[in-house]
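Enquirer: Input: one structure, supplied below.
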Amino acid sequence: MVLQTSSFNTARPNTVQHAVIVDGDGGGDELQLLGVLLASDKVKVIAGTSCFGNVGQHQVFQNMRDITHFLNQDKIPIYPGASCDSDGTPTEEDGAHGSNGLGGVTLPHSHAPKRTKDAVDYILQTLKNRPAQSVSITASGPLTNIAKAINQDPETMARVKDIIIMGGCLKDMKAVDMPTRRGNITKNAEFNFFNAPQDAKKVLQSGLPITLLPMDCTHQLTFGPEQKAIIQAAKIPENKKKPLLTLLGASEAMDLRKFNIPGVMHDVHCALYLLDPSQYETRTSAVNVNTDDNQNIRGRTDYTDDSSIPKITVGENVKDPARLFNTVKESFETIFKA
């Protein structure tokens, strides 16, 4: 089914607040994503919704609460979501962000009230209650919450402004543990899409306004020695800087082992693109997600000429990685300003 986005909007364009729901699996890269959005005056983060991924749902839920606390934003509510994909397949973790999903960093716990409303219910209720096309969703984990919302109420989901997704991989990339890779968790699949391929396919082929930022695009922004030095010199309190440095480089060991590059900054691209799409080279194309049970091809993404599949926007290249990293640095300076 292809959804038709709603054109209903009773508010004047200059009075409609651009709200953002952050859907993700609560790792260090979600912290980067949230930091960039929270520092911007262009959008307002109204909630986070958690999904299984880097670790189990229970830990992800707590991580997202603790991340907002670390960012001095306890008032942002976090709603618990999916514990597994829509087919009930157990998660296959890759350890990229350590056993706790935060690179081994123990953040001070948030004591904000725990929300019990389900993530899908929150997303749908919010889209119903706010003007159409005024709410964006960033999706940086497995896409199960979004797919469930589409299945449950496609008409309401058609009110979304856009969905910015980190997931998949559309180009073969040079690797060190094998000649090339089309993924990080397997040779042919990126982590988020491997763990919920049918949900990824549902969302990408829904007809909603989708931007996909695949792994071959996100790999163009890394956290290496130069970036570490920039953060070390940044105007950030030391009690925040030390854990931030660890969180920013959490995936380094895996990325060095598989690609011989510093830790990749994946999920933050959802925020960077949302705030300034002009910093990316994109193409418009239909994308297929392989939902086969065969572990060798499960979750693989490919461009397709199938005219029955709606086209989406796909990020191919970052124009200026240094400029984007500077945005990340300045965002944290803004958030942690005394």
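The values are calculated or read from the model by the stated rules, or taken from the named source; none is laboratory data. On a predicted model such as this, the values are computed, not experimentally measured, just so you know. Cβ placement follows ideal geometry from the backbone for every residue including glycine, while neighbour counts extend to all protein chains displayed.
Enquirer: Any idea which of (1) surrounded by 17 or more Cβ atoms within 10 Å (Cβ to Cβ); (2) modelled with pLDDT of 95 or more is the one residue 91 doesn't satisfy?
Expert: Condition not satisfied by residue 91: (2).
Enquirer: Now for a different question. Out of everything in segment 159-185 that is β-branched (Val, Ile, Thr) and touching a helix residue (DSSP H, G or I) at 6+ places or on another chain (Cβ under 9 Å), what residue ends up being nearest to residue 271 (Cα to Cα)?
Expert: 164
Enquirer: Show me the helices (runs of 4 or more DSSP H) entirely contained within segment 164-236 in which 1 or more residues are within 20 Å of residue 277 (Cβ to Cβ).
Expert: 197-204, 215-218
Enquirer: Would you please name the residue that is nearest to residue 219 (Cα to Cα), looking only at residues in segment 231-251 that are β-branched (Val, Ile, Thr) and at pLDDT 95 or above?
Expert: 231
Enquirer: For residues that are among the charged types (D, E, K, R) and not in a strand (DSSP E or B), scanning just segment 35-69, find the one that is nearest to residue 247 (Cα to Cα).
Expert: So the residue we want is 66.
Enquirer: Surrounded by 15 or more Cβ atoms within 10 Å (Cβ to Cβ) and either touching a helix residue (DSSP H, G or I) at 6+ places or on another chain (Cβ under 9 Å) or over 23 Å from residue 141 (Cβ atoms) (or both), is that true of residue 310?
Expert: Yes.
Enquirer: When you look at residue 334, is it under 22 Å from residue 48 (Cβ atoms) and surrounded by fewer than 17 Cβ atoms within 10 Å (Cβ to Cβ), yes or no?
Expert: yes
Enquirer: Within the bounds of segment 114-127, is there any residue that is polar (S, T, N, Q), within 26 Å of residue 19 (Cβ to Cβ), at pLDDT 95 or above and touching an Asp or Glu at 6+ places or on another chain (Cβ under 6 Å)?
Expert: no
Enquirer: Same structure again: Which count do you get for residues in segment 24-34 that are part of a helix (DSSP H, G or I) and under 20 Å from residue 82 (Cβ atoms)?
Expert: Of the residues in that region, 4 qualify.
Enquirer: Take the residues in segment 98-122 that are of a type in the set (D, E, K, R) and either in contact (Cβ under 8 Å) with a residue 60 or more places away in the chain or not in a helix (DSSP H, G or I) (or both), then tell me which one is surrounded by the most Cβ atoms within 10 Å (Cβ to Cβ).
Expert: That would be 115.
Enquirer: Same structure, new question: What number of residues within segment 224-254 are in contact (Cβ under 8 Å) with a residue 60 or more places away in the chain and either of a type outside the set (A, V, I, L, M) or touching a strand residue (DSSP E or B) at 6+ places or on another chain (Cβ under 6 Å) (or both)?
Expert: Residues meeting the conditions: 9.
Enquirer: Report, by residue number, each residue of segment 31-88 that is of a type in the set (Ser, Thr, Tyr) and buried (at least 21 other Cβ atoms within 10 Å of the Cβ).
Expert: Within segment 31-88, 49, 50, 68, 79 qualify.
Enquirer: Could I ask something else about it? Tell me which of these residue 141 doesn't satisfy, since it passes every other one: (1) crowded, with 20+ Cβ neighbours inside 10 Å; (2) of a type outside the set (D, E, K, R); (3) assigned to a helix (DSSP H, G or I).
Expert: (3)
Enquirer: Within segment 165-193, count every residue that is farther than 15 Å from residue 287 by Cα and either without any contact (Cβ under 8 Å) to a residue 12 or more places away in the chain or not polar (S, T, N, Q) (or both).
Expert: Of the residues in segment 165-193, 14 are farther than 15 Å from residue 287 by Cα and either without any contact (Cβ under 8 Å) to a residue 12 or more places away in the chain or not polar (S, T, N, Q) (or both).
Enquirer: Search segment 3-29 for residues being at pLDDT below 95 and crowded, with 24+ Cβ neighbours inside 10 Å, and hand back the single one that is nearest to residue 164 (Cα to Cα).
Expert: In this case the residue turns out to be 29.
Enquirer: Looking at residue 76, is it assigned to a loop (DSSP other than H, G, I, E, B) and modelled with pLDDT of 95 or more?
Expert: yes
Enquirer: I'd like the full set of residues that are part of a helix (DSSP H, G or I) and either surrounded by fewer than 16 Cβ atoms within 10 Å (Cβ to Cβ) or in contact with a strand residue (DSSP E or B) (Cβ under 6 Å, 6 or more places away or on another chain) (or both), limited to segment 150-163.
Expert: Within segment 150-163, 151, 152, 155 meet the criteria.
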